[in-house]
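The values are calculated or read from the model by the stated rules, or taken from the named source; none is laboratory data. Owing to the predicted nature of the structure, the values given are computational and were not obtained by experimental measurement. Methodologically, a virtual Cβ is constructed for each residue, glycine included, from the backbone with ideal geometry; neighbour enumeration extends over all protein chains shown.
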Amino acid sequence: MRRAAGQLPVMLVLTALASGGAFGRDDEPAPVAALSPDQRPVLIVLPPIDELMLAHHAHRLSPSKAESLARELGLFLALPIIRSRARESVQPLPGPWRTDDRDRGFTEQLNAALDHSQANWPWRAINIVQSREEIDRLQSQLAGQDVAVAQFSYELEELAGHVQLNASADVTLVSGSGTPRESRLRTRIRHFAPSVSGDPRHAAAAAAEFHAGGRFDQLVSGAALDLSRALAVTVAHALTASPAPAAPARHFAELARKPTCAECRGSDPVLHEEPGRVWVAPAKTAGTILSLPVG
């Protein structure tokens, strides 16, 4: 998996160089002096600050659906369902789902995936920080340079009878940092893992899924790797994008096996496909890349 993570950014950068679009250079061969210094941005990475938490998000029923449910089940049975759908909460993982590793190895896997020695990434240096204050300090030191800032987060979302790991990277590409010509481009990359059977109210029944090194930890590792690859694609695209980008190879409607996606439309471009996963750029939420499980 790490080998695959290294190959993808290299291919993207080589493709951009072959097309003559990288770093805004003309088609004419550049003199040696023009190739130095390295014009790629510096990458600043902030892994998740807090431990992985269990989140329940509101999925409120409309008044008409709530009324229909009450008529069907009776108010006594319908009311707990209606209240559960409207609940918002964030709390620690249940005891049987916890290990000594507060982030389930996410930061370790992310650091390994982004190791600059493993790939010719589309950034010239990487700084992994521990706070937003460190981001501000580093950006002030990089005045006049191009900077890519990636802030990662995650949660385990509680759904009906199962849970799903959701992880994201909020990426800001800063050109001419700290100068009058500074410009910013923001992209949000959202990774959705396959769901895992489990009810927090009966956590012991699903404990086997969450033991150290088990299936859930593998999903966490996969999320870190997937986000690192999507981050490389995002930065490489910013370096090599032309005024008339090539049309996507496929659209969401053309997928033989479509992932569950409330935000996706048939015309949305598919950026990448691999066994069990697709990346989609939904027009409904511009500036977002969704990495979705298939099957």
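If you take the residues in the range 260-295 that are of a type in the set (Ser, Thr, Tyr) and surrounded by fewer than 17 Cβ atoms within 10 Å (Cβ to Cβ), which one is nearest to Val220 (Cα to Cα)? Lay out the reasoning, then the answer.
At the first step, the residues of the range 260-295 found to be of a type in the set (Ser, Thr, Tyr) are 260, 267, 285, 288, 291.
Retained after the next criterion (residues that are surrounded by fewer than 17 Cβ atoms within 10 Å (Cβ to Cβ)): 260, 267, 285.
Details: Thr260: 20, Ser267: 30, Thr285: 25 Å.
My answer is Thr260.
Do we find that Leu227 is assigned to a helix (DSSP H, G or I), at pLDDT below 95 and in contact with a Phe, Trp or Tyr (Cβ under 8 Å, 6 or more places away or on another chain) in this structure?
Values: assigned to a helix (DSSP H, G or I): yes; at pLDDT below 95: no; in contact with a Phe, Trp or Tyr (Cβ under 8 Å, 6 or more places away or on another chain): yes.
Considered against the rule, which asks whether it is assigned to a helix (DSSP H, G or I), at pLDDT below 95 and in contact with a Phe, Trp or Tyr (Cβ under 8 Å, 6 or more places away or on another chain), Leu227 comes out as no.
Mind listing whichever residues of the range 139-193 are farther than 21 Å from Val233 by Cα, over 13 Å from the mean Cα position of the chain (by Cα) and assigned to a strand (DSSP E or B)?
Hits for the range 139-193 are Leu156, Glu157, Glu158, His162, Val163, Gln164.
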